[in-house]
1. Can you tell me which residue within region 54-103, out of those that are of a type in the set (A, V, I, L, M), touching a residue at least 24 places away in the same chain (Cβ under 8 Å) and more than 30 Å from Asp179 (Cβ to Cβ), is most open to solvent (accessible area, probe 1.4 Å)?
2. Restricting the first residue to region 168-179 and requiring it to be closer than 13 Å to Phe86 by Cα, which pairs with a second residue that is of a type in the set (Ser, Thr, Tyr) and part of a helix (DSSP H, G or I) meet a Cβ separation below 9 Å and a spacing of at least six or different chains?
3. With the structure loaded, tell me whether Ser144 is over 17 Å from Gly85 (Cα atoms) and either polar (S, T, N, Q) or in contact (Cβ under 8 Å) with a residue 24 or more places away in the chain (or both) or whether it fails that test.
4. Out of Ala119, Ala128, Ala96, Ala108, which single residue is closer than 19 Å to Leu186 by Cβ, of a type outside the set (Lys, Arg) and in contact with a Ser or Thr (Cβ under 6 Å, 6 or more places away or on another chain)?
5. Scan region 133-160 residue by residue and report those that are in a strand (DSSP E or B) and open to solvent by 60 Å² or more (accessible area, probe 1.4 Å).
6. One residue is enough: does region 111-131 have a residue meeting the conditions among the hydroxyl-bearing types (Ser, Thr, Tyr) and either without any contact (Cβ under 8 Å) to a residue 24 or more places away in the chain or buried (at least 23 other Cβ atoms within 10 Å of the Cβ) (or both)?
Amino acid sequence: MHSLAGRDAAEHAHVYITLLGWPVAAGHSYRPDSGCTCLDGTTAQLCPRPGAHPLASNVVVASPDRVDREFTARPGAGVIAPTLGFDAVVLPRPVAMFALVQLERRSAQVPCVVNRHQAVLLVAPRTATAGLGHLSRTVMKLRSGPDGWVALPPSHMTRWDTPPWDHQGEPIELLDADDIREPISLAVKGAC
């Protein structure tokens, strides 16, 4: 696999679709001179996630043959993935970093997307609620199924802390949420 160090959203989207089997959609765009495209015609508020959120509440997935057209039509668009190929565990960034250190000590690799304030750990689909649901009323949020979503790199201000592939470019197997329950519980308890 070649490096995804650039900002080409269509290239990233193709890798997510072909290598990982994750459906993706084009989201809002971030424009350095005028902010997020969700604010067109509005000056009364600032977008909390500029260029890193869906166009609508229902994420409309791009078919693999339309990815280039979708992202060409929306320059600078975020890459949005509905939580179908994974579940998402959303934590404040310091809490997630503590949990990731604990997981690394156990040689557990968990894909993690970070932005300025949050980190999103990706686990096997349909496992987060059963494995971590008892903690969901804390600093943690769970996203699962077609109604949930995650902004993936190169969306504005997002990057991989731990990518979902190994050093050879092969996809890593996502862990069940049960497999990360203890480190997440410790991190969340420390934050509360």
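The values are calculated or read from the model by the stated rules, or taken from the named source; none is laboratory data. Bear in mind that the values here come from a model prediction, so they are computed numbers and not experimental data. For neighbour counting, all protein chains shown are included, and Cβ atoms are generated from backbone atoms with ideal geometry for every residue, glycine included. Surface areas here come from the heavy atoms of the whole protein model, side chains and all, with no ligands, DNA or RNA. Shrake-Rupley method; radii C 1.70, N 1.55, O 1.52, S 1.80 Å.
1. Only one residue tops the list, namely Val60.
2. Going by the 9 Å Cβ cut-off, the qualifying pairs are Ala177/Thr129.
3. No; evaluated as a whole, the condition is false for this residue.
4. Just a single option satisfies the conditions, and that option is Ala128.
5. Lys141, Pro146, Asp147, Arg159
6. no
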